[in-house]
Every structure is written in C-alpha cells, then in structure tokens.
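The values are calculated or read from the model by the stated rules, or taken from the named source; none is laboratory data. Only a predicted model underlies this, so the values are computations on that prediction, with no experimental measurement involved. Using ideal geometry, Cβ is built from the backbone for each residue, glycine included, and neighbour counts are taken over all protein chains shown. All accessible areas refer to the heavy atoms of the entire protein, side chains included, with ligands and DNA or RNA removed. Shrake-Rupley method; radii C 1.70, N 1.55, O 1.52, S 1.80 Å.
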Amino acid sequence: MMRIIPILLVLFSLPFSFIAQDKGYVMRMIDSLCAPHYHGRGYVEQGDVKAAEFILEQCKEIGLKPVNGSYLQSFSFGVNTFPGAMDVTVNNAILKTGEDFIIEPRSIGQKGDFKAFTLKNRHTKSAENLYKLSEKSKVNESIVIIDATKPSLGQEAFLASLYENPLRSKGYIVLTDNKLTWSVGRSMLPTTIITAKKEALPKRIKNVDLSIDQQWVEDYESQNVMALIPGTKSEKTLVFTAHYDHLGRMGADTYIAGASDNASGSAMLLDLAKYYQENPPEYTTLFIWFAGEEAGLLGSKYFVDNSPIDLSNIKFLLNLDLMADAKKGITVVNGKEFPDAFNSLQNINEELKLLDLVKPRGSSSNSDHYPFYKKGVPSFFIYTVGDYQHYHDVFDIPENIPLTNYNEVFKLITSFVERNF
C-alpha cells in the first residue's frame, strides 16, 4: 500500500494535458488517414470510402453507438477524376506532378505531342485579335502558353474566359509564380488547363507532350460517418464535426494527403470521442465525420437535409478543420454571431492561459458548420493559426505538421463544453 500511494500522488499531480488527450494517438490516426491505401481520401480507388471504413472501425473500438441503428449515411454526386496517367513533358523535360504543375480539376483528358504557341500581350489587346487567332490552325492544334506572372489588362480578361477555350486549342499552360493549390472538379471544361511554376519551365517552350487520363464519374457514392455517446440526463445533443475527405489523386502516382486538411480534425474528433467515452457527458454527444466537404460541403448539406436527429435539439455544434498548428492560436468562425458563447471561450482561455490568440470571425460558408448554421443551429467553426502554410498541396503530409499547442486547444474545447453545457 505504501508503494501505491506515491504513484497515485504522481498521477493526480500530472497536468490535465497528460491525462485528458492523447497526442500520440492523434498522430497515429493522422498517419493512417494519410497512408497511400486511402489515396488522399478522394474519389479514385474509393479512397474516401476506405477512409470512412477506417474511421468506423475506430468508433466501434472506442465504444461509440450508431445513430438510429446506423453508423453511415450514404449520398452520391458527380465528380471529375484523374485515375491514370498524369504526364506533362516540356521540351523533353518531365515536370513533377503537384510540385511543378497542377491540372485544373475540371479539365478533360489529353494525349499527344503538341507544338507550343506562346501568347503575347498584343494578341489579347482586343476581341478582334483573339478571334483572328482562334481561326488559325497552328493555334487550334497547339498548347497555348500564357505567362500570367505579369498580366496585362487584356490578358486578365482573356484568362477569365479561359475555361471556355476561346482559342479552340488543344489546351493551355498558364505560367505562375504563385503557390500551386488544387481542388475538386464537379463539372467538366471543354479543354485541358495546366498551371505550372514559371521557374520550372524553360524560357522558350517549343513542344509539350501530354498524357492525361481523366474520368467523369456521374454517381459517385460516398458516406458520412456518425456515432454517438448517449447522454446521462438530457435529450439535448452536443455535436462535434470534421470532414475526413480530401482531394484524392492527381494521377496514378500522386495523391494529396491532406494531413492538416483535414486528417488533423478527423483525428481530433476521435480523440474527443475517447475522452467523452471515458467521461460521459450530460448531453447526448454526436460525432460526425463528413464526406464531400472539398466538393462543396456536400456531406454536411446532405446531413442537414436528411438528418437522422432533430436539428432543433442541438444545443451547440463545434466543427474542427485545419487543426495542425495552433502556434499563434485559433480563429472561431461565428464567434461574432454568438458573442456570449465566444466570450465564454475567450474567458476560459485567459483564465487557463492556454493560447496567445482566440480570434472571432463572422459568418462564413467555408466549412461544414455552415449548413447547420443556416438552419439555426448555434455553431462554431474552429481552425488553428500558426506557421504551417501547406494547404491543398502535395506537401500537406504528416511529416510536416507540428500539432503545436494541440493539448491546449483540446483543453480549451473540453473546458468550454464542461462550463457551458
């Protein structure tokens, strides 16, 4: 007995951050969700479906219950995909997918060896000039090169119309010195558009060889994952949400892992579920991992329109996205819409001395809280603010995310829930 007492004293003296959350577990979940097996949690090789199955396994292991008898909520949508070749060669030099170039996600596929036609400022000075150019076969049969690093007024207008293939060419390469940021295509263009880093290409481009495999999927079936912990006293519901999907594959050899966006939020939801399973809350606590966020908040919109629970019973919703680096703090979307709740969050942070910054924002449709908010559900969307800059790019990988101040964000969220609900 004398040996046990010192151990108990040590345990009770440990800081909250040690016993309330598991940062190592979170990192393991992020690593798993970003593994090649899940293909960037997108729409090639059913990457998002496989990721949903993984999350479901974790929910069952934690001990979470299904919602009205089911853990999954299926829905379908159309999406543009790039499952095979994604090869771009300029003057016989092979470009690196995701690093040197990205493809416009609504592009059609293209294959062949083409001559390059470099667009000059004089070509875009008038609609008449462009029309004359569009009538030339040497342009129609070429890949048009556009240097957008220093665009003229006429070129800006031309770039705005590029999606309509104004020159009736085989495709376009737009040179940029900006960060390459990819997304999801929900429709198809009449042409192929590539954005490339200017520094990665030769000054004079003569030939472009393309081998781009593209497939439109009309009814891609995805699913939300949902699980709950029954409340001990109240019929009201607290909801924690995060989207688990990401951008998927840009060709067979390259996928966008999405470690910060949003494997980090998905993993934090699992960590919160573990915490509340061990510390049963008064309210029923619902956890939802949404699919289709990157395609336009599709999963959360579907949930709201086909909700298995009464939305009016939701006491509060906390949506977590981009949780990789809270070095500077957090931003709270809807903080200005629900000032009492935000003031409580801010006061808790100041009292416990957790984060340097807890910043409020107004309403925004930038994540999965928004469909709920539009239905009158009180909600916050929390994202971290730090030095991490990788977003929608090939460098958003587990090795790069620091999880700075993860424990502090976790403690702030659980303390906010404990004091207010």
Accessible area per residue in Å² at 1.4 Å probe, computed on the chain: 45 Å²
Length-normalised contact order for the chain - Cα pairs under 8 Å, 6+ apart - percent: 21 percent
Furthest towards positive pole of dipole, Thr195, Gly292, Tyr391, structure part the chain, Cβ charges: Thr195
Set of lysines with alpha-carbon distance to Lys236 below 17 Å, sequence-local pairs under 8 removed: Lys65, Lys315, Lys375
Computed [θ] at 222 nm, helices only, for the chain once each DSSP H run of length n ≥ 4 contributes -39500 (n - 2.57): -8000 deg cm²/dmol
Long pairs among Lys50/Lys411; Lys60/Lys301; Lys60/Lys359; Lys23/Lys328, criterion Cα-Cα beyond 27 Å: Lys50/Lys411; Lys60/Lys359
Cα-centred dipole magnitude for the range 265-408, charges only on beta-carbon of K, R (+1) and D, E (-1), debye, nearest 20: 400 debye
Sequence-distant aspartates and glutamates (8 or more away, or on other chains) whose Cα lies within less than 20 Å of Lys198: Asp87, Glu99, Asp100, Glu104, Asp147, Glu156, Asp177, Asp209, Asp393
Dipole magnitude of the range 296-368 about its Cα centre (Cβ charges: Lys, Arg +1; Asp, Glu -1), debye to nearest 20: 200 debye
Order by protection proxy (mean Cβ within 10 Å, highest first), peptides 30-39, 248-257, 134-143: 248-257, 30-39, 134-143
Under 22 Å, Cα to Cα: Lys pairs in the range 72-136, sequence gap 8 or more or different chains: 8
Rounded FRET efficiency, nearest 0.05, which uses the C-beta distance separating Ala127 from Asn347 and R0 of 41 Å: 0.10
Mean Cβ count within 10 Å, highest first, over the residues of peptides 399-408, 381-390: 381-390, 399-408
Of all accessible heavy-atom area on the range 105-181, the percent that carbon and sulfur account for (1.4 Å): 50 percent
Dipole moment magnitude, nearest 20 debye, the chain about Cα centre, only Lys, Arg, Asp, Glu C-beta charged: 1080 debye
Size of the chain as Cα extents on the principal axes (Å, biggest first): 88, 41, 39
Listed residue (Gly251, Phe303, Gln215) projecting farthest to the positive dipole end of the range 213-305, Cβ model: Phe303
Highest to lowest packing among 164-171, 57-64, scored as the average C-beta count within 10 Å: 164-171, 57-64
